[in-house]
1. Using the heavy atoms of the protein chains and a 1.4 angstrom probe, tell me the accessible area per residue for segment 1-112 in square angstrom.
2. Under 10 Å, Cα contacts only: if you run a Gaussian network model on the chain, which one of Ser142, Ser157, Ser35 comes out with the highest mean-square fluctuation?
3. Quick one: grab the alpha carbon gyration tensor of segment 9-122, order the square roots of its eigenvalues as a ≥ b ≥ c, and give me rounded if a/c is under 1.5, else prolate or oblate depending on whether a/b is larger than b/c.
4. Of Lys73, Lys159, which has the most accessible area and how do the rest follow, probe 1.4 Å?
5. Among Thr48, Ile17, Gly109, pick out the residue whose Cα is farthest towards the positive end of the charge dipole of segment 16-129, where Lys and Arg carry +1 and Asp and Glu carry -1 on C-beta, about the Cα centre.
6. Of all accessible surface on the chain at a 1.4 Å probe, what whole percent is carbon and sulfur?
7. Residue by residue through segment 87-93, what is 3J(HN,Hα) from phi via Karplus (6.51 cos²θ - 1.76 cosθ + 1.60, θ = phi - 60°)? Round to whole Hz and write x for glycine and proline.
8. Using the Kyte-Doolittle scale, find the helices of the chain whose mean hydropathy is at least 0.5 and whose Cα atoms extend 15 Å or more along the helix's long axis, counting only whole DSSP H runs.
Amino acid sequence: MPHHASRHLAEGPRVGIRHFTYEDGAEFTARARESKDLHHPWLFPPTTAQAYTAYAGRLIEDPSKAGFLVCDKSDGAIAGFININNIVEGGFQSGALGYGAFAHAAGRGLMREGLDLVVGHAFGPLRLHRLEINVQPGNAASIALARRCGFRLEGFSPKMLFVDGAWRDHERWAITTEMITRPRPR
């Protein structure tokens, strides 16, 4: 099932990050189907070939988005995904992050390593200054990941995003280039 043909944009000790490809569809959708219980009610990645093609197409073709697969270096398997959406250049130089681990990789620290790599890529080659994560208050795992990667809580937005059939409250977490120069919590 793992896809080995791509080159990583950045690597850590256990994972590498790379862009989405259309060829990743079979593995990605199988992992998403296996992870439905883990993801519900927070996110709903594509579980069919057609839905994946549309999803990946937006990440591949839209310059205001950048999608990254977090891949286990030991076997090339996709451990999760991290997307930068709503990339705005100019005076803002910012983007909004969304992410999800797949069940086989959850709780192993792979997403922590992957998110650190994506932040480094965003503040390096993509030349962004700020990244934001909007998380539903009950999503303890996502909040813990944001905190461990050095994001700070900046506020609360009632009824911010339409998720799973309703407008949901979200906490706003952010990190800037200046914040990554000081030690990050582990």
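The values are calculated or read from the model by the stated rules, or taken from the named source; none is laboratory data. Computed from a predicted model, the values in this text were never measured in an experiment. Positions of Cβ are generated from backbone atoms using ideal geometry, with glycine treated the same way; all protein chains shown enter the neighbour counts. The accessibility values were calculated without ligands, DNA or RNA, using every heavy atom of the protein model including side chains. Shrake-Rupley method; radii C 1.70, N 1.55, O 1.52, S 1.80 Å.
1. Numbers: 5360 Å² over 112 residues.
Heavy-atom accessible area per residue stands at 48 Å².
2. Of Ser142, Ser157, Ser35, the Gaussian network model singles out Ser157 as fluctuating most.
3. Details: a/c = 1.60, a/b = 1.19, b/c = 1.35.
Oblate, since a/c reaches 1.5 and b/c is not below a/b.
4. On the way: Lys73 85, Lys159 135 Å².
So the residues, ranked largest to smallest area, are Lys159, Lys73.
5. Of the listed residues, the answer is Gly109.
6. Working: 5010 of 9190 Å².
Taking all protein chains in place, the chain shows 55 percent carbon and sulfur surface.
7. 6, 10, 9, x, x, 8, 6
8. Within the chain the helices that satisfy the rule are 110-123.
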